[in-house]
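This report concerns only the one structure given below.
Since every read-out is calculated from the coordinates, none of them should be taken as a lab result. Bear in mind that the values here come from a model prediction, so they are computed numbers and not experimental data. Cβ coordinates were reconstructed from backbone atoms using ideal geometry, including for glycine residues, and neighbour counts include every protein chain displayed.
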Amino acid sequence: MTISKDLFLALLSMDAYNRGYGAGVDLGQNSDKSGTLLGSATILKSKGDQEAQDAGFYAVAYKTTKDIGTKDTGGIIPAETTIISYRGTDNFTNDPIAAEQIF
Amino acid sequence: MRALAIFIAAILALYGLYKLSYPTQSWRQNITITVTTPEGEKTGSSVQSVTWTPNPIFKDGASEHVNMQGEAVAVEVAPGKFLFALLTGPLGPEHMGWVARRLFGAKAADDYAAIRAARGKGPADLPTALIPMLVTFKDINDPKTVERVDPNNLAAAFGQGVRLARASIEITNDPVTTGIEKKLPWLGRIKGGYLDGQFAGGGPELSNILHGGNFRQGMK
């Protein structure tokens, strides 16, 4: 079954929440290492260093490995296209002052 | 004025109820690494603070967020030649935030109760799977020369007769360790960025995977 480009982009937009620091799903160490394959996209680079963490930011760039979608399902993303997915996480609930100090 | 007081009281009550329902948990842990060398045992330790905060409202996928304050363990294996046990490791970027939960909470219904129970019981050995990532530098003044160290084969990086004797964790009241920048003079310069100075990371070189936050977090 061919996946539509919009569905594929939606998957990549959610994928950023599951890689790097503060991931929602544990995908293991180096889940955003260059070359990691996700369906028909491979991870190029990511931005999750301390500089990004201090800003509550995370991004991952993918490159498509083949054409995604069809004309009938909204269009085609050509192979070798770079797609960037990012998240901004404001951790409003973090309150170390009110933490229950185990120690 | 009375309406304002009631409003503030209501906000405080809601906040209190929230904190009771979703308590933040925090502890300090002393990580100690002991290395056997031909010149005798060399030891390094670092006290790190770990805070876990539930995330029931802002649904970004993670049910809890972890914040760490502290720095990597540094062991001077030979004069000027250091072994670093980082804040990252096999459990992911927040490895050192997970270690106590995985070690003490492995057989407990409540991770945090198990960590509380570990109080005053001294250091506990870390199994290999919980040992943080170990690295060294060919040239300590050049972050690009970072190299990974196999915990089962320190001799490959430090020479014959060098091996990891013990890695342990102890829940403690001691203050968070500071001062790693004295051993890594470039740490302030890279400002939390990747060791190779690139804007984006991902490797394949280790210096493009590791960043300043793997050596020090939550410190100014």
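Below, the figures for the structure above:
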quantity	calculated
Computed [θ] at 222 nm, deg cm²/dmol, the protein assembly as shown (DSSP H ≥ 4; -39,500 (n - 2.57); rounded to nearest 500)	-5500 deg cm²/dmol
For B:Val66, A:Val25, order by how many other beta-carbon atoms lie within 10 Å, fewest first	A:Val25, B:Val66
Surrounding net charge for B:Trp98, when Lys and Arg each add one and Asp and Glu each subtract one, Cβ distance under 13 Å	-2
Residue-averaged beta-carbon neighbours from other chains (10 angstrom radius) around B:64-77	1
Prolate/oblate/rounded label for chain B (Cα gyration tensor, a/c 1.5)	prolate
For peptides A:37-46, B:107-116, sequence by mean Cβ density within 10 Å, most packed first	A:37-46, B:107-116
Considering only the protein assembly as shown, percent of DSSP beta bridges that pair antiparallel, nearest 5	95
Shape category assigned to segment B:1-48 from the gyration tensor of Cα positions, a/c cut at 1.5	prolate
Gain in span if fully extended, A:Phe57 to A:Leu11, counting 0.36 nm per residue against the direct Cα distance	14.7 nm
Förster-model FRET efficiency, 41 Å R0, B:Thr34 and A:Leu27, C-beta, rounded to 0.05	0.80
Exercise: per-residue mean of other protein chain Cβ atoms within 10 Å, B:189-197	3
With Cα atoms, 0 to 90° folded angle of helix B:95-104 axis to chain B main axis	80
Other protein chain Cβ atoms within 10 Å, averaged over every residue that makes up B:109-120	1
Which of B:Val75, B:Ala200, B:Ala3, positive extreme of dipole for chain B (C-beta unit charges)	B:Ala3
Highest-first arrangement of B:12-20, B:188-196, where packing means the average Cβ count within 10 Å	B:188-196, B:12-20
